[in-house]
1. Restricting the first residue to region B:365-387 and requiring it to be touching a residue at least 60 places away in the same chain (Cβ under 8 Å) and more than 16 Å from residue B:422 (Cβ to Cβ), which pairs with a second residue that is within 16 Å of the ligand (Cβ to nearest atom) and among the polar types (S, T, N, Q) meet a Cβ separation below 7 Å and a spacing of at least six or different chains?
2. Would you please name the residue that is most open to solvent (accessible area, probe 1.4 Å), looking only at residues in region A:62-83 that are within 7 Å of another protein chain (Cβ to nearest Cβ) and under 25 Å from residue A:153 (Cα atoms)?
3. Only one of these is in contact with a strand residue (DSSP E or B) (Cβ under 8 Å, 6 or more places away or on another chain), within 16 Å of the ligand (Cβ to nearest atom) and under 20 Å from residue B:520 (Cα atoms): B:441, B:474, B:454. Name it.
4. Since residue A:248 meets every condition but one in (1) over 21 Å from the mean Cα position of the chain (by Cα); (2) modelled with pLDDT of 80 or more; (3) open to solvent by 30 Å² or more (accessible area, probe 1.4 Å), which condition does it not meet?
5. Please verify whether residue B:232 is in a loop (DSSP other than H, G, I, E, B) and either within 14 Å of chain A (Cβ to nearest Cβ) or open to solvent by 30 Å² or more (accessible area, probe 1.4 Å) (or both), treating the condition exactly as stated.
6. List the helices (runs of 4 or more DSSP H) that sit entirely inside region B:399-515 and contain at least 1 residues that are without any contact (Cβ under 8 Å) to a residue 12 or more places away in the chain.
7. Which of the residues belonging to region A:51-61 are open to solvent by 50 Å² or more (accessible area, probe 1.4 Å), part of a loop (DSSP other than H, G, I, E, B) and either within 14 Å of another protein chain (Cβ to nearest Cβ) or free of Cβ contacts under 8 Å to residues at least 40 places away in the same chain (or both)?
Amino acid sequence: MNRLPQIPLTIISGFLGSGKTSLLNHLLTQSGLENAPSEKSGRRITAMVNDFGALNIDAELIAAKHGNQIALANGCVCCSIGDDLMRSFMDVMQQSPLPDHIVIEASGVAEPRRIAGFASVDPQLRLDGIVTLVDASAHNVHSKDPYLADNYAKQIEAAHLLLISKPDLADTATLENLESELAAQKPDVPMAHVTHGVLPIDLVLGLNGDHKIPQPQEIIEHGFVQWAGHLTDIPRAALIAKLENLRPHVLRAKGVLRDAEGAYVLHLAGGLITTAPYAGKASGHFVIIGQPQMPDAAALEKIFRQNEAA
Amino acid sequence: MNPHLPHATHIAVRDGHILGVGTVDDIDGWQNAWGPLELNADFADKTLLPGFIEGHSHMMEGMFWDYHYVGYYDREGPDGTVWPGLKSIDEVVAKLKEIQAARKDIDTPLIAWGFDPIYFTDRRMNAADLDSVATDCSVIVLHASLHILNANNFVMEAADVKGADNSEFIRRDESGQATGEFLGQLGYYMAMRTTGINLLAIASSPETLVNFANVARQTGVTTATDLVNPMPAGSEQAMREAVDADDFPMRLVVAFQGNSMEPAEGVARMQELQTSNSDKLRFSLVKMVADGSIQGFSARLKWPHYYNGAPNGLWYIEPERLGDYLKAFTEAGIQVHVHTNGDECTEVALDKIEEALRAHPWPDHRHTLQHCQMATRSDFKRMKSLGVGVNLFSNHLYYWGDAHINITMGPERAARLDDAGGALAEGVPLAIHSDAPVTALAPLFTAWCAVNRLSSGGVTLGNGTQNISVEEALYAITMGAAYSLKMENEIGSLEAGKRADIAILADDPIDVGAEGLKDISVIGTMVGGHVHLNQGRAR
Ligand SMILES: [Zn+2]
């Protein structure tokens, strides 16, 4: 029968305010071909979102904007879905060229399994995974909501990956209870913490949800270290030196920064550190993620703030 | 519908408006001021009613006339051609063969619509039926309900249905063979992806709009709604051009799709759209969809939920977000119509409207619940208190009444399905609708449904308190709908000063009575003084 290449579909599910948009923003801006150290890891993602505005993509990343689509400079595309999912899938599947990966930001009340139905009927799609975000700070409210509790349970039930968001806003007891509750409900599903949507991309994309391919358990089980903050005026050579020192445990870093030579973008991806001049105003935002063996967030903060100009 | 003059013999029209209504002597006096009036006796033996107003329809209705009609009843196309009703599956297949033989591009998909299996109880249409029409191109027959379609084996092979194990969207016989029926949204998606035809993309062209108006006109409609349209930037110009043309036989009220952008942007877009309002085209309200449909098990029901035990349905928007939108539009003085089907959804919508009104009090907001099919008397009391109107989906009584009794709601709750009698008894402003193309657009048929409450299976829903009288139903499809659109000062009744929008009927509905309401022939309409006659005959 049909032997067309199948496009993986990832569904990001979770309640309003659970951090879906941050995660998607992270995937979109970090995933394009130009960020890729090799052909293999670069993905042109088409994201289907409820609302562009909330996504808040850096203006410098936007290449073109027409109708309900935004094309990013890195090859990714963003489409708004309104309330007609079928129409959106028709549009996206008629794109040329077709994307490498489709990520859909489900609405806070969507049942991800129903969305997954599109992948099961479209020979050109396959379900890669359902990622459900659980807001640690609101779990007790959401799981008892008189109108939404059934939805909440269905979203967790459908997950191939559970992400606990805003862990910093919940006390230790709440967090521990939540983790054991989720583990009891979904014993085989990997679980990780996420803050501001920042995760290694390969954790989220490539789940092969319907094919039970083994997960990189050690990364997920032990979590990973990350730190994000704003850096003012840091010379690129100094920053690169700090990153070199963190090898081999550093996995990913990105920043839109400034030094005496002007604004620049820095990427560390797939072991490669690159910098490029940047046309807009540098936000100073900087993110770093690494394996558990890397110094912890507090230590990272110290390291990166060390010779920041006052 | 004018309480001061419910019946009259003559009507005078000037400049698109009604100059006077009454006896020939009453009208005579106007000639002093307005010069000689010419007597037109063409419709002397007909009945004139205020033009009907369809308060909840979709422009998509106009799309189907690009395809081939194979419904049970005779139907007149927008160009006046009468498509005869087909009374058996064999007749449908014979008609499709005839069409296929006459087609030039025989490799392109053959698409037909309006097929209604309710009338064919001996067997269901299958892939072999459609293979006899063609085996080397797609043949697709859309059901009248738009929830099912039939296809031939060409489509089934392309869609690889053998590999699909999900019975949710593929009907199978006892032996597990796919029968050729594709079910629900996913079934439609599968068929569209296979044939490469995007039915949804065609739904918003100017041709579709003209077809929609002509279909509505034939049923006596002089104002219809396109009850949810995302109105992409600039799309209002083309719409203005089409609707303002003299030969466009209808007024159109467009509801902006509230959630197509963030609340603040939506308010700004609505304000921008309103600058394009004209006599015939109005952007006056916002539509929000809060849940799904009862027959699709996607409506949100209160405990004890669905009669057959199906899990509760879907929210189409987070209740919190619905609240945000209602607050923003209420603050800006923009009317909102909220789609709610299940009773849980109705309750939440009323909660959110109440919150919005506490934050931004507005005495005549006239927010309206659309469908609102499971509302209880308590819900209606609360709507009355909040100043919320209702537009009930009365056609459901006929099309899905039996399913609601036996499968979705159970007999007790189905008795109150689309309780027009209850709404009026509690003092809630009432309109009734078809939701075309979901069911047939024909206000007299909708009125018949609300008056008789008879299902297609021949069962009467309720105990009589839910029925309304013929007069009340006629009011609902004229003044009731006008009120829900805040246009009651312009249309909905025949009285001096209002727009000259008239439905011309072969018989007087009051004389015909409850039973024959749906069968009254519509001769034509007048819109703003322009007469539009039906060329063939009505359904
Ligand atoms: Zn509708």
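The values are calculated or read from the model by the stated rules, or taken from the named source; none is laboratory data. Model, not experiment: these values are computed from the prediction. Neighbour counts run over all protein chains shown; Cβ positions are idealised from the backbone, glycine included. Keep in mind that these areas ignore ligands, DNA and RNA; they rest on the heavy atoms of the full protein, side chains included. Shrake-Rupley method; radii C 1.70, N 1.55, O 1.52, S 1.80 Å.
1. Hits for this filter: B:368/B:391; B:368/B:484; B:370/B:391.
2. Looking only at region A:62-83, we keep the residues that are within 7 Å of another protein chain (Cβ to nearest Cβ), and these are A:67, A:82-83.
With under 25 Å from residue A:153 (Cα atoms) added as a condition, the list becomes A:82-83.
Values: A:82: 29, A:83: 63 Å².
Filtering region A:62-83 for residues that are within 7 Å of another protein chain (Cβ to nearest Cβ) and under 25 Å from residue A:153 (Cα atoms), the one most open to solvent (accessible area, probe 1.4 Å) comes out as A:83.
3. Values: B:474 fails: within 16 Å of the ligand (Cβ to nearest atom); B:454 fails: within 16 Å of the ligand (Cβ to nearest atom).
It is B:441.
4. Condition not satisfied by residue A:248: (2).
5. Numbers: in a loop (DSSP other than H, G, I, E, B): yes; either within 14 Å of chain A (Cβ to nearest Cβ) or open to solvent by 30 Å² or more (accessible area, probe 1.4 Å) (or both): yes.
Considered against the rule, which asks whether it is in a loop (DSSP other than H, G, I, E, B) and either within 14 Å of chain A (Cβ to nearest Cβ) or open to solvent by 30 Å² or more (accessible area, probe 1.4 Å) (or both), residue B:232 comes out as yes.
6. On the way: elements: B:410-414, B:420-425, B:443-452, B:470-475, B:481-484, B:509-512.
Of the helices (runs of 4 or more DSSP H) lying wholly inside region B:399-515, those with at least 1 residues that are without any contact (Cβ under 8 Å) to a residue 12 or more places away in the chain span B:410-414, B:509-512.
7. Answer for region A:51-61, where residues must be open to solvent by 50 Å² or more (accessible area, probe 1.4 Å), part of a loop (DSSP other than H, G, I, E, B) and either within 14 Å of another protein chain (Cβ to nearest Cβ) or free of Cβ contacts under 8 Å to residues at least 40 places away in the same chain (or both): just A:56.
Here's the yes/no breakdown for (1) in contact with a Phe, Trp or Tyr (Cβ under 9 Å, 6 or more places away or on another chain); (2) of a type outside the set (D, E, K, R); (3) farther than 27 Å from residue B:287 by Cβ:
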site: B:170; (1), (2), (3): yes, yes, yes
site: B:178; (1), (2), (3): no, yes, yes
site: B:184; (1), (2), (3): yes, yes, no
site: B:216; (1), (2), (3): yes, yes, no
site: B:220; (1), (2), (3): yes, yes, no
site: B:226; (1), (2), (3): yes, no, no
site: B:230; (1), (2), (3): yes, yes, no
site: B:233; (1), (2), (3): no, yes, no
